[in-house]
Structures are given as C-alpha cells and as structure tokens.
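Worksheet: the structure to be examined is printed underneath.
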Amino acid sequence: MRRARKFTAAFRHSAVQIVLRDGKTVAAAARELDVNLKTYSNWVQAARSGLLEHIDTHRVNPVSELQSEVSRLRRALAEVTEERDILKKATAYFARVSK
C-alpha cells in the first residue's frame, strides 16, 4: 500500500501555478508532478476560490518526542507479541507431533 505523501504549502502553490498561469491541463500537470489527479484538482479548485493556503491546516500537529517514543514502543510491542504468539503455536504443534 502506498503511504500518503505530505506536500508543503510552497509546493502546492507552485504546482497550482502550472495550471493557472501556464495553462496546462490538470491531468497533464498531475502526471508531470506525480501527484494524484483528485488531490491535484482539489488544490486547483481551492486556489481558484482563494482557499489554497487553508488546505491541511487542520493536520498541523507537531509530534512531541514523547509521542514519537510511545509510537515506536507500541510498534515494537506489537511485533514482539506477534512473535510470541507464533512461537506458542509452533510449540503446541511440535508437542502434538512428538507424542
């Protein structure tokens, strides 16, 4: 699965200018920049209505060092738990086979 990319406001502004100023089609510019067509057309529509600078402002949540560490530890715990469960199943299987 492809991970969602984050674009800076400066990138969005310059990308939209390709359509508004240079006259390229939205589809052609999206392909050229390797940006999802729907995402790109949303940017162009927002720029035309003067709302481009407000895109993604609700997502600006800087992650603290503590939050980052908690996320890392949760991932590690999930991995170790999965490994433990696999080992439990393997142990039970071999115990049955050896009888």
Taking the Cα atoms only, what angle lies between the long axis of helix 37-48 and the longest principal axis of the chain, rounded to 10 degrees?
40
Residue by residue through region 84-99, what is 3J(HN,Hα) from phi via Karplus (6.51 cos²θ - 1.76 cosθ + 1.60, θ = phi - 60°)? Round to whole Hz and write x for glycine and proline.
4, 5, 5, 5, 4, 5, 5, 4, 4, 4, 5, 5, 5, 5, 7, 6
Using a simple charge model, +1 on the beta-carbon of Lys and Arg, -1 on the beta-carbon of Asp and Glu, nothing else, what dipole does the chain show about its Cα centre, in debye to the nearest 20?
460
Before I look further, what does region 60-99 give for accessible area per residue, probe 1.4 Å, in whole square angstrom?
100
For K88, the lysines lying under 29 Å Cα to Cα, once residues fewer than eight places off in the same chain are dropped, come out as K99
Expressed as a rounded percentage, what relative contact order does the chain have, with Cα pairs under 8 Å and six or more residues apart?
17
Karplus (6.51, -1.76, 1.60) ³J(HN,Hα), θ = phi - 60°, over region 14-24, in Hz, Gly and Pro reported as x
5, 5, 5, 5, 4, 7, 6, 8, 8, x, 5
Neighbourhood net charge (14 Å Cβ-Cβ; Lys/Arg +1, Asp/Glu -1) for A78:
0
In vacuum, with every alpha carbon of the chain counted as one equal point scatterer, what does the Debye formula give for log10 I(q)/I(0) at q = 0.10, 0.12, 0.18 Å⁻¹? Two decimals, please.
-0.53, -0.62, -0.89
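The values are calculated or read from the model by the stated rules, or taken from the named source; none is laboratory data. As the structure is a computational prediction, the values presented were derived from the model and not from experiment. Glycine gets a Cβ as well: all are built from the backbone with ideal geometry, and neighbour counts include every protein chain shown. Accessible surface areas use protein heavy atoms only, side chains included; no ligands, DNA or RNA. Shrake-Rupley method; radii C 1.70, N 1.55, O 1.52, S 1.80 Å.
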